[in-house]
Amino acid sequence: MEKPSNREMKSLSDMPKPIIIIEIIGIILLVVAYLYINQYMTSPQWLGTYTGQLTLVVLGVICMIPPAIHIVWRAIYRLTFLGIDHKVAKSKKTKKNNEE
């Protein structure tokens, strides 16, 4: 019985906690930016400017990039068309050993 690889991603709950926290911070920043831009909330003077609102949006998007990279990096390991599928290679080796 083989030990499952640490690189396989079975669900999003396998993500490290710091990555999840960064994503939550990014979501909060984007929601706050939306509320400030549409004037649902009163904002401090520096945040009421175009530059302050743009800064919130950019920081929110930057916080969302590491989780996206992490998900893609863990999911690409399972793609077979890139020649990364290790299960196929292992099964071919066992077939060759059984034939000999």
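Every number here is computed from the coordinates shown, using simple stated rules; none is lab data. Predicted model only: the values in this text are computed from it and were never measured. FYI the Cβ positions are ideal-geometry reconstructions off the backbone, even for glycines, and counts take in every protein chain you see.
For this structure, a couple of remarks:
- For the pair ASP14 and GLN39 in one chain, pulling the backbone fully straight at 0.36 nm per residue adds 5.3 nm over the alpha carbon distance.
- For the pair VAL61 and THR49 in one chain, pulling the backbone fully straight at 0.36 nm per residue adds 2.4 nm over the alpha carbon distance.
- Annotation: peptides 55-63, 39-47, ranked by per-residue average of other Cβ atoms within 10 Å with the highest first, follow the order 55-63, 39-47.
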